[in-house]
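Note sheet for the following structure.
The values are calculated or read from the model by the stated rules, or taken from the named source; none is laboratory data. Computed from a predicted model, the values in this text were never measured in an experiment. FYI the Cβ positions are ideal-geometry reconstructions off the backbone, even for glycines, and counts take in every protein chain you see. We work out accessible area using only protein heavy atoms, side chains counted, and drop any ligands, DNA or RNA first. Shrake-Rupley method; radii C 1.70, N 1.55, O 1.52, S 1.80 Å.
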Amino acid sequence: MNTHTRRDFLQSLSLGTAFLLPQNRILNTINPKNNTVLNIALVGLGSYATHQLAPAFAHTKNCKLAGIVSGSPSKVEIWKKKYNIPDKNVYNYSNFDEIAHNPDIDVVYVVLPNAMHHEFVIRAAKAGKHVICEKPMAVSVKEAQEMIAECKKAGVRLMIGYRLHYEPFTQEIMRLSKGQDHGKVKFIEASFGWRNRDTKAWRMQQKLSGGGALMDVGIYAINACRYATGEEPNFVTAQSVKTEPSVYIDIEETMMWQLHFPSGAISQSTSTYNGNIQRLFVSYEQGFLEMSPAYDYGPLKGRTSKGAMDFPVIYHQVAMLDGMAEEILHKLPSKASGEEGLQDMKIIEAIYQSASQGGAPIKIS
Ligand code: NDP
């Protein structure tokens, strides 16, 4: 892997936003106040917002961290100073709706526990703001559909925090799905898991997480199978395994599943909270692609049967934020739309359903 300079990094950002625009995406009707920079408010100042998103704004060219929404007054004081955020752009979960009257916020970015996404995306849409929502976009298909419908009704964009869609290794996998280099995809192995023992955390509580590792990181493996094939699966089969019910009380511990695609391609995946795994293997008619790590903040690493994958190592969140801002500012289709998130939710729901029926095939509608 090359050593990359800041200049390479910045070049890669503009490159990264240039390729592969899916055609079937909704366009927004509301224009931001300023037509060169979008002002973003982060909702939920937890780990991802603190360590990845907020620092990214020091490098973005199309967007600015302009506001915060938090239930923790102590965090608010620190963030106000650190990011120079004025009092008028600070909200809590009760007075959040007043953001509707704040012309200095263009976009609301929801970084809350999964089960809170639905409520806050809908409140943001009703306030007339474009919305970025973290993955998984919701905890059910029904919620995801309601979120899309509310955003459409309000004339605002809904985008999901799929940072990999703005990242060059992933964009190469999408390109390879078209078959010019190695032929069609035949088999995929895509897995993501980590050892999570924190029984008190929201990720371990069904009510706030909507599920276990499948919701949290399995979603990356699902999304990878979709972008590696460029297809949507017809049906899914799945098996759930629990070896430590006292730790993984009301969520699954390990899920294994198979996606069956119209072309005949088949994928096998595992997500777990009881082991570390992070890889993507794609077997084509001729040759293969192998990545590990394949989904985290990087540096991502991979090779194909033709040699090493040599792509720029970039700050995913910077590329994503600037990419999304560009899509809004220039009325381009969204790479990571609400519909993209909904498709993953349909597959997640089908996986849970299949596992609960002893691995029965479940059609994806
Ligand atoms: P954290 O637990 O670190 O942060 C969540 C924040 O939400 C809290 O700090 C808190 O902020 C707020 N909150 C409000 N109500 C609750 C509640 N009842 N319980 C817990 N927190 C609450 O989670 P993460 O930052 O790791 O994850 C947040 C979201 O981001 C998830 O949907 C996750 O899937 C996603 N994520 C995405 C990643 C990616 O790469 N795209 C990576 C990591 C996470 P406050 O104190 O300000 O109110």
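Of the residues making up the stretch 56-88, those that are of a type in the set (A, V, I, L, M), open to solvent by less than 50 Å² (accessible area, probe 1.4 Å) and either more than 21 Å from residue 321 (Cβ to Cβ) or within 15 Å of the ligand (Cβ to nearest atom) (or both) are 56, 65, 68, 69, 76, 85. The criterion of being at pLDDT below 95 and among the polar types (S, T, N, Q) holds for residue 365.
Candidates are the residues of the stretch 98-119 that are within 18 Å of the chain's Cα centre (by Cα) and either closer than 20 Å to residue 328 by Cα or in the same structural domain as residue 205 (by TED's automatic domain parsing) (or both); the one that is farthest from the ligand (Cβ to nearest atom) is 107. Residues in the stretch 295-308 that are closer than 27 Å to residue 61 by Cα and modelled with pLDDT of 95 or more: 295, 296, 297, 299, 300, 301. A Cβ distance below 7 Å, combined with a sequence gap of six or more or placement on separate chains, defines the contacts here; from the stretch 100-128, residues that are in a loop (DSSP other than H, G, I, E, B) reach residues that are within 16 Å of the ligand (Cβ to nearest atom) and of a type in the set (S, T, N, Q) in the pairs 102/89; 104/89; 105/89; 113/209. Across the stretch 158-205, what is the total count of residues that are touching a Lys or Arg at 6+ places or on another chain (Cβ under 7 Å) and either under 24 Å from residue 132 (Cβ atoms) or within 16 Å of the ligand (Cβ to nearest atom) (or both)? So the count comes out to 6. Only residues that are in a loop (DSSP other than H, G, I, E, B), over 24 Å from residue 217 (Cα atoms) and charged (D, E, K, R) were counted across the stretch 152-185, and they come to 4.
Close contacts from the stretch 192-221, counting a first residue that is assigned to a loop (DSSP other than H, G, I, E, B) and a second that is within 11 Å of the ligand (Cβ to nearest atom), with Cβ to Cβ under 6 Å and a gap of 6+ residues or different chains, come to 210/114; 210/115; 210/139.
State whether the residues of the stretch 324-335 include one that is more than 18 Å from residue 209 (Cα to Cα), in contact with a Ser or Thr (Cβ under 6 Å, 6 or more places away or on another chain), open to solvent by 30 Å² or more (accessible area, probe 1.4 Å) and not in a loop (DSSP other than H, G, I, E, B). Yes, the stretch 324-335 contains a residue that is more than 18 Å from residue 209 (Cα to Cα), in contact with a Ser or Thr (Cβ under 6 Å, 6 or more places away or on another chain), open to solvent by 30 Å² or more (accessible area, probe 1.4 Å) and not in a loop (DSSP other than H, G, I, E, B). Of the residues 152, 126, 207, 135, the single one that is open to solvent by 10 Å² or more (accessible area, probe 1.4 Å) and in contact with a Phe, Trp or Tyr (Cβ under 9 Å, 6 or more places away or on another chain) is 135. For residue 288, indicate whether it is in contact (Cβ under 8 Å) with a residue 12 or more places away in the chain and within 15 Å of residue 171 (Cα to Cα). It is false that residue 288 is in contact (Cβ under 8 Å) with a residue 12 or more places away in the chain and within 15 Å of residue 171 (Cα to Cα).
If the condition is being charged (D, E, K, R) and either buried (at least 23 other Cβ atoms within 10 Å of the Cβ) or in a loop (DSSP other than H, G, I, E, B) (or both), then the stretch 303-321 contributes 306, 310. Being open to solvent by 20 Å² or more (accessible area, probe 1.4 Å) and under 30 Å from residue 365 (Cβ atoms) is a property that does not hold for residue 293.
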